[in-house]
Amino acid sequence: MLIYQNTFENTKTLNCNFPIEDQFYATDKEAIVADGITRDPVGISDLNSISFTEMLKLYPRPSGGELAAKTITEAFKKSKGTIKERLIACNNAVKELNNKHIKQCDYLQNDYYGAVAASIQIKDNILEYAYICDCGIIVYDNNGNIKFQTKDDKELYSDPYINKINIPWNLPEARIIVRRDFRNNPNNMQNGICVSYGAITGEKNAEHFIRTGQIALEQNDIIAIYSDGFVNFLKDTTFINEILHFNKEKLEDYVNKKSLEDYNLYGKEKTLVLIKHI
């Protein structure tokens, strides 16, 4: 039973006509959440040279991240097969999108359009999942205990090495290094471990970073498919309680309240899909 689906806007860009780069599609048996990758402002490579207000004005509209996320949700809706095959179909659809819009990737303003995503499909009592990067899936039992949660490969493996890059992110050199060397690069090895992260950009190597699995469901389990903006809510007892005793208005009031209180922890653009298994 599909019980909830919604995207909450970034509290930092409310009322700014900023593109909605999270997208979702859901039924009671399948769902996908896609989170578009943030773009560089048009005509600016050194982000130190402009204010946040100017950055908002120069942000591309439509955004390539928004277009990629929409392409992914539409491709998933039309696709068939295993959950991994369906996410690969989404990557192929983004490749077609990039073939139209990106003549030569420069990893800056003309970076590949892309997104990260998490997807599920349910057959009988089995949940099949596939995700890439920091979108995820979490399963709660009917008492609110966490039975399963996907891992964020970027946080675990990539970020410790990306954080060692001694160049500020606002400078183009830093963004080129991360997007070229750490994204969809299975050959970026440190101490025998791949420290790259994946993203659906249409590149073939993205397939190496799709994580998949299955989990058995029990009656009244609640499956949450989310973008990374929801991560700090997922173990919050009030948030879990609002899910268990589902009240859409109370849930949204709580999410909005926390988002306004602390942008860094709770205020980013975020999407949540909730499915109750009955």
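Residues F182, F52, sorted by accessible area with the largest first, give F52, F182 [1.4 Å probe; ligands and nucleic acids excluded].
Is the shape of the stretch 160-200 rounded, prolate or oblate, going by the alpha carbon gyration tensor and its root eigenvalues a ≥ b ≥ c, with a/c under 1.5 for rounded and a/b larger than b/c for prolate? Judged from the Cα gyration tensor, the stretch 160-200 comes out oblate (a/c at least 1.5, b/c at or above a/b). Rounded to the nearest 10 degrees, the angle from helix 248-261 to the longest Cα principal axis of the chain is 40 degrees.
Quick one: grab the alpha carbon gyration tensor of the chain, order the square roots of its eigenvalues as a ≥ b ≥ c, and give me rounded if a/c is under 1.5, else prolate or oblate depending on whether a/b is larger than b/c. It comes out prolate by the Cα gyration axes. K95 contributes about 100 Å² of solvent-accessible surface, heavy atoms of the protein only, 1.4 Å probe.
Here, the stretch 166-255 yields an orientationally averaged convex hull projection of 9.9 nm² when only Cα atoms define the hull. Taking the protein heavy atoms of the chain in the context of the full set of protein chains, the accessible area attributed to carbon and sulfur is 46 percent at 1.4 Å. Partner lysines whose Cα lies under 16 Å from the Cα of K235, excluding those fewer than 8 positions away in the same chain, are identified as K147, K151, K258, K270.
Overall shape: oblate for the stretch 1-127, with the ratio a/c of the largest to smallest alpha carbon gyration tensor axis at 1.5 or above and b/c at least equal to a/b.
Solvent-accessible surface of the stretch 140-181, averaged per residue with a 1.4 angstrom probe and all protein chains in place: 61 square angstrom. Taking Cα atoms, how many degrees apart are the long axis of helix 83-101 and the longest axis of the chain, rounded to 10 and kept between 0 and 90? Orientation of helix 83-101: about 30 degrees from the principal axis.
Counting only lysines at least 8 places from K100 when in the same chain, those with an alpha carbon closer than 16 Å to its own are K70. Under the combined filter of DSSP loop state and at most 11 neighbouring Cβ atoms within 10 Å, the stretch 31-86 retains none of its GluC sites (Glu not before Pro). Converting phi to 3J(HN,Hα) with the Karplus coefficients 6.51, -1.76 and 1.60 and the offset θ = phi - 60°, the stretch 28-37 yields 6, 10, 7, 6, 9, 10, 10, 10, x, 7 Hz in sequence order, with x at every glycine or proline.
Across the stretch 41-168, C-alpha contacts under 8 Å between residues 6 or more apart give a mean separation that, scaled by the residue count, equals a relative contact order of 17 percent.
Rg ratio for the stretch 107-260: its Cα radius of gyration over 2.2 N^0.38 Å, N being its residue count, equals 1.20.
The values are calculated or read from the model by the stated rules, or taken from the named source; none is laboratory data. The structure presented is a predicted model; accordingly, all values stated were derived computationally and were not measured. Here the Cβ is made from the backbone with ideal geometry for all residues, glycine too, and neighbour counts use every protein chain on show. What goes into the accessible areas is simple: the full protein's heavy atoms, side chains included, and nothing from ligands, DNA or RNA. Shrake-Rupley method; radii C 1.70, N 1.55, O 1.52, S 1.80 Å.
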